[in-house]
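Working notes for the structure below.
The values are calculated or read from the model by the stated rules, or taken from the named source; none is laboratory data. Quantities reported herein were computed from a predicted structural model and do not represent experimental measurements. Every residue, glycine as well, gets a Cβ built from its backbone with ideal geometry; the counts of neighbours run over all protein chains shown. Accessible surface is based on the protein model in full, side chains and every heavy atom, while ligands, DNA and RNA are left aside. Shrake-Rupley method; radii C 1.70, N 1.55, O 1.52, S 1.80 Å.
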Protein chains: 2
Amino acid sequence: MEVVDAVSVHGNGKAEIEDFDISAVVQPEPLPPILAAENGDKQNGREIVLGKNVHTTCLEVTEPEANDEFTGDKEAYMASVLARYRKNLMERTKYHLGYPYNLDFDYGALGQLQHFSINNLGDPFIESNYGVHSRQFEVGVLDWFARLWEIEKNEYWGYITNCGTEGNLHGILVGREVLPDGVLYASRESHYSVFKAARMYRMDCEKVDCLISGEIDTADFKAKLLANKDKPAIINVNIGTTVKGAVDDLDLVIQTLEESGFSQDRFYIHCDGALFGLMMPFVKRAPKVTFKKPIGSVSVSGHKFVGCPMPCGVQITRMEHIDVLSRNVEYLASRDATIMGSRNGHAPIFLWYTLNRKGYKGFQKEVQKCLRNAHYLKDRLHDAGISAMLNELSSTVVFERPLDEEFVRRWQLACQGNIAHVVVMPSVTIEKLDDFLNELVEKRSTWYRDGGVQPPCIAADVGCENCACALHKLSILS
Amino acid sequence: MEVVDAVSVHGNGKAEIEDFDISAVVQPEPLPPILAAENGDKQNGREIVLGKNVHTTCLEVTEPEANDEFTGDKEAYMASVLARYRKNLMERTKYHLGYPYNLDFDYGALGQLQHFSINNLGDPFIESNYGVHSRQFEVGVLDWFARLWEIEKNEYWGYITNCGTEGNLHGILVGREVLPDGVLYASRESHYSVFKAARMYRMDCEKVDCLISGEIDTADFKAKLLANKDKPAIINVNIGTTVKGAVDDLDLVIQTLEESGFSQDRFYIHCDGALFGLMMPFVKRAPKVTFKKPIGSVSVSGHKFVGCPMPCGVQITRMEHIDVLSRNVEYLASRDATIMGSRNGHAPIFLWYTLNRKGYKGFQKEVQKCLRNAHYLKDRLHDAGISAMLNELSSTVVFERPLDEEFVRRWQLACQGNIAHVVVMPSVTIEKLDDFLNELVEKRSTWYRDGGVQPPCIAADVGCENCACALHKLSILS
């Protein structure tokens, strides 16, 4: 469920956003001017950024001088680069709203472990001869998630991944190995890694339509299932979509499969819970993600709601599927069941540390706070006459895309077409939201001052009832 | 080029090593007894380890008590767990010889960055709106490797991966996208991730035989090429195999392709340089890995010869191939050209830091030291009448597998069948090798004291000239 970095360039001379970011036309660091605009040629924006931008702003690696150790010049240069960089990170961390990362963590106690090359290569449950590992932490974390998703210790298999994408790649691969000629079904608003998997694995893939909320349209799902009913089904269910934070209705997906004549041995469900997989269990009225239902795997990111210095994730599947995977592979190591080989041994310790400190109760409190703050943001946007939508189970507030790219970059918003979003994470406080709102309202009054430019209509994205454009605004106020 | 964690269990009641590790029958931590042996049933060794072992020794995550913050009990418990763990890591780091990891590094200056959630999601050369990234370091590192492998800045594309496996998965995927019906050729001693890729990507795959040295047998390669000459060829070339550190002869591979009638538009070469990709350029008489030859991609691991707290790697390919990849994919983000989505932003800074400090010259010195020390180890093994082999371009010393599993685990050796190996990294000093050799010679005199058990013949693995078994020992001494 990462936000996509993507711009495609069309013939009309304007970079059009295909996925969910405006990245490519944008420079890094304390908000320099937009590069493509500088060149007056957005058509080539992508090429320009690709070819030159980062190459010219990058920090070159230089060969040490013979007397460096004596003069200390290089050491001093590197220290100054790092100090500047740290200051920039602090600044960028402070103004951040658009990505679902909890930036509020303190792993000071774990600094002592940075001296070790910790590597959980291979299977979490089978020790390798490499002794510098952290499997005892990893399995502790996996057990915690197995309890959360209600599967017994001896019935699950899983591992700590490098990111949400690896979880999706793994879940869909397991599905394909269990049902080799299965067709992959995923809603259009699924994370791009799902479609990447289909391509990598050479699977047939059906894109299913979405409701305005971003949820999968089960009527379209049913039609597509019936058109392919000779082949088994592998389904990606979104527990929180990237853009709108929409949660596919797992029960309705299962019901649709049953109604379409798919028995449990003819479908495999992977739940992409990159962000909400960890929040949903703590939302009272949310439908449950549990292995008591006929699902095959669940993945979640560790650097999102939990917070972690580097990306990571958790993948849990049923042991029986992994056995199938292992048995099938004469030339693979019997337990080479992960996507990667060497695996970051620090990530499990970060997760273990936070889970121990916060516990289920701590997460519950944080989830409640995030949902409350998200409602606050949506309400204040509506009060200010700005189009905005918040899905019931979500802390992702979708709203009218700010006109000014500098404002977008300053707050690190993620945008798609005419909409932007803020993902309210534990590090996003009411104070930060107030700062953001006040600035937005103030800037907005200048963008739309003379009435020549109107705020966009985003009813197609958020529904008429949430749209405050000239045409629809009455419905909000009424 | 990770060492494989793998045991397959055969009907003969003995766990047989399929790949290159004895992991599955072994417990972690200060060398407890072997689990399978305890149970007296090696046939089920794998199941036992999988099901129970790590689950019972793991560090459970527990829910905080209501008064934890007041009593400080939990904080104290966690501090004690971490202190014990740290001690264990120091011990395990000290006695380590079998894996190609340089454990000697000091990143103290970078400890300050652990407070930030650094994520280079997406393309290294296209900024995303997420401001807490390290692309300026990443591109600096990539440029360094591009210089090393002789490709111009505007002609290459690459990124910093999570490990050697990701590099292979990427290189082979690029090959498949460029030549969709290509057959994958790789020698039997290629890293297991190469065959994993073939399976994941649903590619036809031909396993090519090896010479005793571990190098690809180009006669067999030619025969297999001719048998499939209607289809393009995607070739994995090993710049250092996992087990024997053998370097496939790139020039001979290219020549074989040409002789078999494959023009450059009908083959794609990926060089798996996980370990030696960074050592080879500094070995005088080594054949050169360079983009001036018709290769498509090169990958190398960052946590091996460079040394890094967590696994990482570098992947470099030609820009033109990435353009093909991007153009082909209507539903992918235009520049979603990596395997993963979110990417660890700390790894590039670790690499940048070390490359800056050591430079090409520093690496050259270290490579020379490693090769010298590897020769020392091989010579002393031969002097002690122990079978051993060292490939000319390699610092991997292959030798007779020690009889005692406890000794193997103590020194964290990686084993396969009757052979074991030590990979001489910069952290492996003469003193450490002497300790190891003295202990081996002493233990060995007890293992083979009464003459009932003989040291194994490993001529099939290392050649008669390197085998010191009863049958072959004369040839060494002569």
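Calculated from DSSP H runs of 4 or more alone, at -39500 (n - 2.57) each and per residue, what is the 222 nm mean residue ellipticity of chain A, nearest 500?
Per the formula, -11500 deg cm²/dmol.
Calculate the spin-label point distance for A:D265 paired with A:T62, positioning each point 7 Å from the Cα along the beta-carbon direction, and give it in nanometres.
Here the modelled spin labels are 6.9 nm apart.
With a Förster radius of 22 Å, plug the Cβ-Cβ distance of A:F70 and B:T429 into 1/(1 + (r/R0)^6) and report the FRET value to the nearest 0.05.
Values: r = 25 Å, r/R0 = 1.14.
In this case the efficiency is close to 0.30.
Just to be sure I understand the model, the point goes 7 Å from the Cα along the line to the Cβ. What's the resulting A:K222 to B:M78 distance in nm?
Each label point lies 7 Å from its Cα, and together they span 4.9 nm.
Tell me the total accessible area that A and B bury against each other, 1.4 angstrom probe, in square angstrom rounded to 100.
Working: alone 22940 and 22890 Å², together 33360 Å².
That pair hides around 12500 Å² of surface in total.
Just to make sure I understand: if all protein chains stay in place, what is the order of B:Y448, A:Y185 by accessible area at 1.4 Å, largest first? Show your work: numbers first, answer last.
Working: B:Y448 30, A:Y185 0 Å².
So, going from the largest accessible area down, we get B:Y448, A:Y185.
Restricting the count to DSSP beta bridges whose residues both fall in segment B:241-372, what percent are antiparallel, rounded to a multiple of 5?
Values: 5 of 8 bridges.
Around 60 percent antiparallel, to the nearest 5.
Percent of accessible area on the protein assembly as shown owned by carbon and sulfur, 1.4 Å probe? Can you show the working numbers first?
Numbers: 16530 of 33360 Å².
Percent of accessible area from carbon and sulfur atoms in the protein assembly as shown: 50.
To the nearest 0.05, what FRET efficiency results for A:R188 and B:K473 with a Förster distance of 60 Å applied to their C-beta separation?
Details: r = 69 Å, r/R0 = 1.16.
Step by step, r from the Cβ atoms, then E = 0.30.
Within segment A:180-208, whose backbone N sits under 20 Å from a point 7 Å along Cα→Cβ of A:K293?
A:184-191, A:194, A:208
In chain A, what cysteines have no partner Cβ closer than 4.7 Å?
Here A:C58, A:C163, A:C205, A:C210, A:C271, A:C308, A:C312, A:C370, A:C415, A:C464, A:C467 come out as lacking a disulfide-compatible partner, given the Cβ-Cβ threshold of under 4.7 Å.
In the full protein assembly as shown, how much of B:E392 is accessible to a 1.4 Å probe, in Å² to the nearest 10?
My reading of the accessible area for B:E392 is about 120 Å².
Give, ordered by residue number, each residue of segment B:130-153 whose 1.4 Å probe accessible area is reduced by a minimum of 20 Å² on adding the remaining protein chains to the chain alone.
Flagged in segment B:130-153: B:Y130, B:G131, B:V132, B:H133, B:Q136, B:F137, B:V139, B:G140, B:D143, B:R147, B:K153.
Hand me the tally of lysine pairs in segment A:125-261: alpha carbons under 17 angstrom apart, and the pair either on different chains or 8 or more positions apart.
On the way: A:K196/A:K207; A:K207/A:K222; A:K207/A:K224; A:K207/A:K229; A:K207/A:K231; A:K222/A:K231.
Lysine pairs meeting the criterion: 6.
For chain A, build the charge dipole from Cβ charges (+1 Lys, Arg; -1 Asp, Glu) around the Cα centre, then report which of A:V300, A:L226, A:F282 sits farthest towards its positive end.
Comparing the listed Cα positions along the dipole, A:F282 ranks first.
Residues in segment B:381-413 near a label at B:S445, defined as backbone nitrogen under 18 Å from the 7 Å Cα→Cβ point?
In segment B:381-413, the label zone of B:S445 (backbone N under 18 Å from the point 7 Å along Cα→Cβ) covers B:381-387, B:403-404.
Assign unit charges at the C-beta atoms only (+1 for Lys and Arg, -1 for Asp and Glu), then state the dipole size of segment B:113-357 relative to its Cα centre in Debye, rounded to the nearest 20.
The calculation lands at about 520 debye.
At a Förster distance of 35 Å, what's the computed FRET efficiency of A:H55 paired with A:A384, Cβ-Cβ distance as r, to 0.05? Don't jump to the answer; show the numbers that get you there.
Details: r = 42 Å, r/R0 = 1.20.
Efficiency, from the Cβ-Cβ distance: 0.25.
When DSSP beta bridges are limited to those with both residues in the protein assembly as shown, what percentage is antiparallel, rounded to the nearest 5? It would help to have the intermediate numbers written out before the result.
On the way: 54 of 88 bridges.
Roughly 60 percent of the beta bridges in the protein assembly as shown run antiparallel, per DSSP.
Hey, can you find the accessible area per residue of chain B for me, probe 1.4 Å, expressed in square angstrom? Mind showing how you got there, number by number?
Numbers: 16650 Å² over 478 residues.
That works out to 35 Å² per residue.
So how long is each side of the protein assembly as shown along the principal axes, counting just the alpha-carbon atoms, biggest first, in Å?
Principal-axis extents of the Cα atoms in the protein assembly as shown, largest first: 99, 61, 58 Å.
Residues with amide H under 5 Å of A:A246's amide H, sequence separation 5 or more or different chain, H placed in the peptide plane at 1.01 Å from N; which?
A:T241
Provide the solvent-accessible area of A:D379, counting protein heavy atoms only and rolling a 1.4 Å probe, rounded to the nearest 10 Å².
Result for A:D379: roughly 70 Å² accessible.
Over the residues of segment A:113-357, compute the C-alpha Rg and express it relative to 2.2 N^0.38 Å. If you can, show how the numbers build up before the last one.
Values: Rg = 17.5 Å, N = 245, 2.2 N^0.38 = 17.8 Å.
The reported ratio for this selection is 0.98.
Work out how much length B:K284 to B:Y360 would gain on full extension: take 0.36 nm times their residue separation and subtract the Cα-Cα distance, in nm to one decimal. Intermediate values should be presented prior to the final figure.
Numbers: separation 76, 0.36 × 76 = 27.36 nm, distance 1.36 nm.
Length gained, B:K284 through B:Y360: 26.0 nm.
What order do B:R285, A:R449 take when sorted by accessible area (1.4 Å probe), most exposed first?
Values: B:R285 135, A:R449 180 Å².
If we order B:R285, A:R449 from most to least accessible, we get A:R449, B:R285.
Which positions within segment B:282-311 get 30 Å² or more of their accessible surface covered by the other protein chains, compared to the chain by itself, with a 1.4 angstrom probe?
The answer is B:P309, B:M310, B:P311 - residues whose exposure falls by at least 30 Å² when every protein chain is included.
Pop a pseudo-label 7 angstrom from the Cα along the beta-carbon direction at both A:R372 and A:A109 and give the gap in nm to one decimal.
In this crude spin-label approximation the distance works out to 2.6 nm.
Report the gain in length on full extension from B:D230 to B:K87: 0.36 nm times residue separation, minus Cα-Cα distance, nm rounded to one decimal.
Working: separation 143, 0.36 × 143 = 51.48 nm, distance 5.84 nm.
Length gained, B:D230 through B:K87: 45.6 nm.
Please name which of B:N129, A:G72, B:A374 has its Cα lying farthest along the dipole of the protein assembly as shown towards the positive end, using unit charges on Cβ (Lys, Arg +1; Asp, Glu -1) and the Cα centre as origin.
A:G72
Any idea what the dipole of segment B:369-477 comes to, in debye rounded to 20, about its Cα centre with Lys/Arg Cβ at +1 and Asp/Glu Cβ at -1? The partial results should precede the final answer.
On the way: 12 positive and 15 negative charges, 24 e Å.
For segment B:369-477, the charge dipole is close to 120 debye.
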